[in-house]
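What follows is calculated from the coordinates using simple rules that are stated; it is not laboratory data. Quick caveat: nothing in here was measured; it's all calculated off a predicted structure. All Cβ positions, even for glycine, are placed from backbone atoms using ideal geometry, and neighbour counts span all protein chains on display.
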Amino acid sequence: MTETALEAIGISKRFGGVQAVADLSFAVPAGSITALIGPNGAGKTTVFNLVTNLFLPDAGEVRFYGDSLRDRTPGEIAALGLLRTFQTARIFPGMTALENLLAGAHRQVHFGAAWQMLWLPPALREEASLRRRGEALLDLVGLSRFRDVAATSLPMGAQKLVEVCRAVMAGPRLLLLDEPAAGLNDTETAELAALLRAVRDIGIPILVVEHNMSLVMNVADQVIVLDLGHLLARGTPLEIQHDRRVIDAYLGVEQEAV
Amino acid sequence: MDQFAQIIVGGVLQGGVFAIVALGITLVYRVTGIINLVQGGFCILGALCLYSFQSDLGWPLPLAFLAAVVATTALGALLGAATFVPALARLPNSSMLMLTAGLLTFINGLALVVWGSQPYAVEAFTGEQPVNVLGILVPSQGFWIAGITLIIILGIWYLMTRTTLGKAVVACAENPTAARFMGIDVARLTLFSFALAALIGAIGGAAVAPILSLQFDGGSFFTNAGFIAVALGGMSSLPGAIAGGLFLGIAEQLAAGYVSSLFANGLALALLLATLLWRPQGLFVAGRARRHDVRDELRVARSVIRPGARTVSVAALVLFLFLAALPYLVDPGFMSSLVITLILFIAVLGLDVLMGYAGQVSLGQAGFMALGGYTAAILATNYGVTPLVGTLAGMGLSLICALLLSVVTMQLKGAYLALATLTFGLLIDSLTVGLTGVTGGPSGLVGIPSFALGPFVFATPQEMYYLVLAIIVLLLVILTGGMRSGFGRALQAIRADQTAAAALGINVPRHKMAAFAICAMLASLSGSLFAFDFHFLSPEMVSTPRSFELIAMLVIGGEATLVGGLSGAALITLLPILFQPIALYKTMAEGAILVLAFQYLPDGMLGGLWRLIARSAAATPAIADGTVAERPSS
Ligand SMILES: Nc1ncnc2c1ncn2[C@@H]1O[C@H](COP(=O)(O)OP(=O)(O)O)[C@@H](O)[C@H]1O
Ligand SMILES: [Mg+2]
């Protein structure tokens, strides 16, 4: 039996008249990529907000490697290693692409302000190694040439990749990605897929919300389908592709549109 | 009982004045979400214009009054159209707050140029004879003030509730974006509210002119009182502004009547500090319709020109050699000004960590200078403590104050730290003036010894210069180490986007607190050195205008550059000394430079310089918006 990275138990959230998430339970196994799909407004982003306590759930509980996340602030949850990206890229303006990545590495900094201010060798070595990691990551997603460019001046697709890389730099124990491929062109999507697989292969599980079906089918080990806040189906990409209810609710429409 | 009634009458009158200023501030706040510190400047301009038209030109009162109000309002509309409104579209709230502080400095300086520094008195509108109402003597001007206040309140009430314009203001206050979609021209409305605030300020200022002694910097007094009233009453509520003004006026008069006037001032500020810390939504308003967050989304991208490590090393070496050789290059009489420049630069360095990197605003940097300066000076002068220990004691005290201030404000978004630090600075101002027995009062503390380290005494400007230079080099090495690595990046991430920073596991409150602590301790160090250098310390050397000056130095020099502030400090300190004739224009120029720098020089002089170097050296191709980045090679 594989370890469970994240477990949601009966979480619900209502906004006024809208039941955005209804009594939803799911699990994200460690060491794998889980995709969360569903039509617009299905409640996917809300699930992320509930998991990271940006909104407090009306009911239910979320466990992260067995620890309850109840009563923790978003900052504390991030500090535990549950990192997320936002649907609209939230790149830090006024910083270069590499600096954005390094800011993400905050959790990895063990020699803090005092060490850095005194230029002590351990802090210098740590900084140098973080830089190397950041540069390697930018290389992996084909953004090396943007390394020292203002991150906010990059094309939208590149910004989203930078945001994903920034979260990866944090050395997460689970990565939540909200529509990382939105706005990416085909090359960039391919690079994203490579990145996601690389991240999984170094042992970081991923929960990814995505509309791009070919990407989902390509990288996901498990797919969770959400509709109107309810769990509609769960299975391997192959099973989901042939699930009648999913095709009716979602995939059919999508495929016609394509 | 009689005395009590008399005091209450005095309190209501004074409160009416505060309420008028507060109304102006609230009006602009409701439309823009900006605390408009320039408001008091319009009051003093109205009052001084009234004096000039009446006494110098000999115009009759009604004509002089009208002309004073028209002239002030016109200037207000002009300043609004040229600075406030265009800046609002581009600058974040914190910068806007400082821009209005710059405008206030500009008006103070303008008044100094036009009216000089002597006090003026205006005759009461209808004779000086007080009126006896049921045994209570009410100054005749009191009826004018009460009447005019009432007319202003009714006028605003009518405007807000009965006219389309007023409804547009309300819509804008609730949601500017939605208002724009509804076809409301937000920019014009902003200008309208700004000019209307100037009008109210001018009328109020002219009305109270006869009961005050008018001086060029009276605008700061009005702004402080109005700002305290607004913060007490609840930021965005018009009735709250009136209630806050009256409450403040009565409380001050009671304290002054029964205790002392020093106590009155300190009490008001302590009251405000307590309010900001424990009930930030104000005393009189249940936390409704706070509009802080509306504009917080505006994130300003700063240029990301990163000069390479070699460029930086060479530039740093050249700068160091230049500074080290400077005493041999300049006239000895000039040395003491250079020392002051360097000492002030230490305070600017601290401000850069807080403002430039972490994006938090402190308007009370001079308060910490005063804390450090007076603590060290008093300990060294009266208790024989060594200067070094005195300096460290000052820094410790500043650290404690900074932590106390930040414990609560750091949890809140918006302008609370700025407001709390401004209040802190004003409180320290009133203490340094008032605690005559301890601080020497307005005439200052004399006989402060020279700084000394063991047997080494730093008595001459030359010796002091090298001491401060050594401290600065040390500080620059330390701060560069911190800012170039994880700590500095965490601060910049917080400045850029708090939510995203927290989502990366950055402990936002703790980092803000660390930045504030560094900022306060460096100000304290600077204040101590200031005292040991001058052998003298008086309140106005380290009072609130100095806080604004330090901000100007930082912004002009270049934020988040550490060393940039040196050029700002040098410019503002040395130019008036180099060109004596312009000394009179110093305050005005400071204000103007600050405002212009915010609008046209977002990266300061140093940023502009890097930009030029990077552009001319354009080895790297320009990408997208022309931002060029050199390769850092560390
Ligand atoms: N902050 C909010 N306030 C009110 N309603 C919200 C909020 N966030 C989401 N909703 C509603 O919840 C539902 C689910 O939204 P969301 O989680 O964003 O969907 P998805 O990400 O799957 O497209 C939608 O009907 C949306 O309108
Ligand atoms: Mg969504």
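A few comments on the model shown:
- Selection from B:375, B:583, B:602, by position along the positive dipole direction of region B:309-617 (Cβ): B:602
- The equivalent ellipsoid that matches the C-alpha gyration tensor of chain B spans semi-axes of 41, 30, 23 angstrom, in descending order.
- With a 10 Å cut-off around each Cβ of B:493-499, the average count of Cβ atoms from other chains is 5.
- Cβ-placed point charges (K, R +1; D, E -1), dipole of region B:2-285 about Cα centre in debye, nearest 20: 860
- Based on the convex hull around the alpha carbon atoms, region B:2-285 presents an average projected area of 15.1 nm².
- Of A:13/A:160; B:167/B:512; A:160/B:512, those spanning more than 29 Å from alpha-carbon to alpha-carbon: B:167/B:512
- Region B:309-617: relative contact order as a whole-number percent, Cα under 8 Å and 6+ apart: 31
- Converting phi to 3J(HN,Hα) with the Karplus coefficients 6.51, -1.76 and 1.60 and the offset θ = phi - 60°, region B:134-147 yields 6, x, 9, 7, 10, x, 4, 4, x, 5, 4, 4, 4, x Hz in sequence order, with x at every glycine or proline.
- Region B:309-617 pair-distance distribution - Cα-Cα, 20 Å bins, rounded %: 33, 60, 7, 0
- Neighbours of residue A:234, meaning other residues whose beta-carbon lies under 13 angstrom from its beta-carbon, give a summed charge of -3 when Lys and Arg score +1 and Asp and Glu score -1.
- The label-point distance for residue A:70 and residue A:247, in a model that sets each label 7 Å from Cα toward Cβ, rounds to 4.2 nm.
- Given charges at beta-carbon only (K, R positive; D, E negative), |dipole| of chain B in Debye: 1840
- Phi angles across region A:2-9 convert, under the Karplus curve 6.51 cos²θ - 1.76 cosθ + 1.60 with θ = phi - 60°, into 3J(HN,Hα) values of 7, 5, 9, 6, 9, 9, 9, 10 Hz, Gly and Pro given as x.
- Table column - 3J(HN,Hα) (Hz), region A:132-140, Karplus curve with 6.51, -1.76, 1.60, x for Gly and Pro: 4, 4, x, 5, 4, 5, 4, 4, 4
- For residue A:173, the amide hydrogen comes within under 5 Å of the amide hydrogens of A:82, A:83, counting only partners 5 or more places away or on other chains and with H modelled in the peptide plane.
- Normalising by residue count, the protein assembly as shown has a Cα convex hull of 188 Å³ per residue.
- Considering only chain B, percent of DSSP beta bridges that pair antiparallel, nearest 5: 100
- Where labels lie 7 Å past Cα in the beta-carbon direction, separation of residue B:55 and residue B:174 in nm: 4.9
- Charge dipole (debye, nearest 20) of the protein assembly as shown; +1 at Cβ of Lys and Arg, -1 at Cβ of Asp and Glu: 400
- Taking amide H as placed 1.01 Å from N in the peptide plane, residue A:5 has its amide H under 5 Å from the amide H of A:28, A:30, each at least 5 places away in sequence or on another chain.
- Here each label is just a point 7 Å from Cα along the line to Cβ, and for residue B:329 and residue B:616 those points are 1.8 nm apart.
- Near residue A:230, the amide H atoms lying under 5 Å from its own belong to A:22; only residues 5 or more places off or on other chains count, and H is placed 1.01 Å from N.
- The residues B:519, B:43, B:401, when put in order of fewest to most other Cβ atoms within 10 Å, stand as B:401, B:519, B:43.
- Restricting region B:77-180 to GluC sites (Glu not before Pro) that sit in a DSSP loop and have at most 14 other Cβ atoms within 10 Å of their own Cβ leaves B:123, B:128.
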